[in-house]
Amino acid sequence: MNNQPDYSKNNWPYFFIGIAVLLNFTGLFTPIMGPDGTLYATIAKTMVQRNDYVQLFAYNTDWLDKPHFPFWVTALSFKLFGINTWAYKLPGILFMLMGAAYTYLFARKLYSKEVGQWSVVILLTAQHIILSNSDVRAEPYLTGLIIAAVYHFYNACARNSFWQLLLASIFTACAIMTKGMFALVPIGGAIAGHLIITKQWKLLFNLRWLLAAVLILLFVLPEIYCLYRQFDAHPEKVVFGRTNVSGIRFFFWDSQFGRFFNTGPIKGHGDPSFFIHTTLWAFLPWSLILFAAIYHFIKTGINNVKAREWFCISGALLTFVLFSASKFQLPHYLNIVFPFFAIITAQYLSSLRSVKTLKLVGAVQISLIILLLVIITVLHYYYRPVEFNWHIGLALAIWLALLLIVPYSFPETDFRRTAVRTFITSVIINLYLNLAFYPSLLRYQAGSEAAMWINKHNTDTLPVAQNYEIGSHPMEFYIKPGIITLYPDKHSLTPAGPFIFYGHPADVLALAATGRVVQQLAVFPHYPITRLKREFLNHTTRAATLDTMQVVLVK
């Protein structure tokens, strides 16, 4: 008689989801990582301070790059909770959790409740999802909005419902106002791909899609209006080094297709294999299972096309291929298809019945888990994070014990033994990263560290300035009185009275050379923490890699 507990009839899957949700909040209070995160936070902060929600400003000038939606949401959070770290990160995490909820709903519709539950567990423990909920940019918003749009478009097809079409159009418009027109790729790819592959021509060539296009354009009008007000109505403004720049054209073409074809003002270089190896680490610890799942899905699906759903594979692979062909590539671009990846992976795991395959998948995952734990151990040994304490050590020890015990509550022929083992591994790794490694790493982001020091010690509320060459977004966001950026051709900006200056030692010497009296107040080690190198990660060679930033009183 099998005495193993039947986990499908109790609340254990929801317990795993609850732990995964909490795991994504562990980076909530860690300082915002620059340059991008603090740049976006500063733009939203400026919105609130200027009480101007139409125009975007950065570097004390007009800013034309990303659309408005994430900044509006962040500004609302700042209005409600104050301008601080967690108020910036919270909306992004909530949008990601909304995406997890829609991932569950979509997977349950396509497959089963169990697949829906494990899709959420996989999504919320994928490495780059957790990282993006700590280093918040546009991707958490976009991930939630895209899977929500796909779910409601799916319902609009299945139910022929106008209200589902309306909701889908709203979510799509918000996704476009988050990242631009390429947000349509995974949404349209998922819906159109499924209908084309299954040859549902009547549903594909339906007037509802024309109505959806009209609704999306209608809901995007706030973005178009803001761009017109700030740029198109002012052709005299200098943007990207020239005048007569159309914000609307940039939004619809240059910001997306211009980057894709490398013809826009913001250029990059592409590698066709970039997102393959990015997926390998970004979807850890589930990435090897994902590759097997995609192979198995395509291999079995082509034999019975109309009996399968092709939403997830179409939305994911079309986006993957287009991004791989692009000349502008960054790892976090791929997050938007992780809900599709999670559903594909969960469906594959739950469908495994072959004892041989289950044992093979389990053995591969055990090898991967051992490798990941060894890497974290080696990282800890060499890095020596200052934020590591016995509380964190005890928590990790408890989860390591659970890793050795809990998976064996399931039979060897049950996929959940491997899934639970993989889930717990992600918890261990990301508890360490979010509670010990990243907080220690942010100590070397001198801009935020110096700003917090100044906020505490600037009792006379003196003006604070920095050199234009520094342009520290962490300093700009975290400094409370506001920052003055000094330019060589704008001497009038330099305060006549005493002020606090943040900059390199060479900039401090240059100030002293003008005849001002300079008094050193504090020194902060600095390192570009988004570009980690071996010499920095090794505590014995770290000092040689560090730059020095000074806070001085200028009289």
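The values are calculated or read from the model by the stated rules, or taken from the named source; none is laboratory data. Computed from a prediction, not measured in an experiment: that's the story for all the values here. Glycine gets a Cβ as well: all are built from the backbone with ideal geometry, and neighbour counts include every protein chain shown. Areas reflect the complete protein model, heavy atoms only, side chains present, ligands, DNA and RNA absent. Shrake-Rupley method; radii C 1.70, N 1.55, O 1.52, S 1.80 Å.
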Got a number for residues in the stretch 214-251 being of a type in the set (A, V, I, L, M, F, W, C), in a helix (DSSP H, G or I) and buried (at least 16 other Cβ atoms within 10 Å of the Cβ)? 10
THR530 - would you say it is among the polar types (S, T, N, Q), part of a loop (DSSP other than H, G, I, E, B), in contact with a Pro (Cβ under 9 Å, 6 or more places away or on another chain) and farther than 20 Å from THR38 by Cβ? no
For TYR141, only one of the following conditions fails: (1) of a type outside the set (A, V, I, L, M); (2) more than 13 Å from the chain's Cα centre (by Cα); (3) surrounded by 24 or more Cβ atoms within 10 Å (Cβ to Cβ). What is its number? (2)
Taking the stretch 74-101 and the residues there that are under 30 Å from VAL238 (Cβ atoms) and open to solvent by less than 30 Å² (accessible area, probe 1.4 Å), the one that is nearest to the chain's Cα centre (by Cα) would be TYR88
For the stretch 285-312, how many residues meet the condition of being part of a loop (DSSP other than H, G, I, E, B) and either open to solvent by 70 Å² or more (accessible area, probe 1.4 Å) or modelled with pLDDT of 95 or more (or both)? 5
Please determine whether any residue of the stretch 267-276 is surrounded by fewer than 18 Cβ atoms within 10 Å (Cβ to Cβ), among the charged types (D, E, K, R) and either in contact with a Leu (Cβ under 6 Å, 6 or more places away or on another chain) or at pLDDT below 85 (or both). yes
Can you tell me how many residues within the stretch 102-124 are more than 12 Å from ILE17 (Cα to Cα), surrounded by 24 or more Cβ atoms within 10 Å (Cβ to Cβ) and among the hydroxyl-bearing types (Ser, Thr, Tyr)? 1
Here is a list: TYR502, TYR487, TYR468. Which entry is among the hydroxyl-bearing types (Ser, Thr, Tyr), modelled with pLDDT under 90 and in contact with a strand residue (DSSP E or B) (Cβ under 6 Å, 6 or more places away or on another chain)? TYR468
Picking from ILE93, ILE83, which residue would you name as being closer than 30 Å to PHE251 by Cα, assigned to a loop (DSSP other than H, G, I, E, B) and at pLDDT 95 or above? ILE83
